[in-house]
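Any read-out appearing in this document is the output of simple, stated calculations on the displayed coordinates, not a laboratory observation. Worth saying up front: this structure is predicted, and the values here are computed from it rather than measured. Virtual Cβ from ideal backbone geometry, glycine too; neighbours counted across all protein chains shown.
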Amino acid sequence: MLGGPGSGKGTQCAKLVADRGYAHLSAGDLLRDEVASGSALGQECAQIMKDGKLVPPEVIIRLLREAMERAVAAAPASALPVNILIDGFPRALDQAALFERGIMAPELVLFFDCPEEEMEARLLKRGETSGRADDNADTIRKRFRTFVEQSVPVVDEYHRKGKAAKISATAPPDEVYVKVLEAIDARAAKAAAAKPARGGRKAAAGAGKEEAVTATVAAANGGGVPALATA
Ligand code: AP5
């Protein structure tokens, strides 16, 4: 899930988790957990986030890999392979390249398109109660700049690869969600048409439409580190 700050990524992820049971990993939440842990790394991340910049790719990829491993380890055998929805990643081309090289390629990249004025209004409103150090006018402007300079090229790249779906995010959340489901189901139909004979564990798990989400992780054969595979 990609989109500018306040475009509604987290809101739509929550709906998908409730509806379809995906494992949800939020890059921002993983970083905020690291900050809350009080570690030296967390302190470095806190400053970067306050400046509206991106933490180094190896940091966020390590946190994501570990969270993916935990999600797979926690899933009962009947729920494998696990469909993982990643919120706020990859936000830069180097992150995308590293993740694809070291872990896997996404099945689908959803991009929430929302004007800055709308996103700013949402974040300032949320900032009244969120307690987030980056929900203030100054940091919000910096986050927008980072998004335009570093994340928009990622969306363009996945469009070029035919893997991105752009969704207007200005309507109320339930209306946006209808478009989210349409995009996921269209991708699933396309994937199913391209691989009609595939069976095995995915079919047994009844993955169906859910296969289309960003990543599908297959459990390793007895090892601690999961084998990662595209759907
Ligand atoms: P992150 O936590 O991901 O923040 P963000 O991308 O700025 O996104 P937000 O969580 O603020 O907004 P959202 O799009 O999820 O919208 P939400 O649903 O919450 O990242 C924070 C920081 O961590 C980054 O700046 C960076 O420093 C670092 N970081 C994160 N990922 C990284 C990565 N991959 N690499 C390196 N660094 C990384 O909604 C916002 C508000 O709008 C809510 O109040 C909601 O109720 C409301 N709302 C939502 N949808 C609608 C709607 N349709 N209509 C009206 N209101 C709506």
Checklist entry - Using a simple charge model, +1 on the beta-carbon of Lys and Arg, -1 on the beta-carbon of Asp and Glu, nothing else, what dipole does segment 60-181 show about its Cα centre, in debye to the nearest 20? => result 320
Item to check | segment 18-122, dipole about Cα centre (Lys/Arg Cβ +1, Asp/Glu Cβ -1), debye to the nearest 20 | outcome: 400
Checklist outcome for this item: Place a point 7 Å from the Cα of residue 149 in the direction of its beta carbon; the residues of segment 48-63 whose amide N falls under 15 Å from it are 48-56
Checklist entry - Based on the alpha-carbon gyration tensor of segment 143-195 and its eigenvalue square roots a ≥ b ≥ c, which shape applies: rounded if a/c is under 1.5, prolate if not and a/b is larger than b/c, or oblate? => result oblate
Checklist entry - Using bins 5 angstrom wide from zero, how does P(r) for segment 2-217 break down, in % of all Cα pairs? => result 1, 7, 14, 19, 20, 18, 12, 6, 3, 1, 0
Checklist outcome for this item: All alpha-carbon distances of segment 38-100, grouped into 10 Å bins from 0, give the whole-percent distribution 18, 43, 29, 9, 0
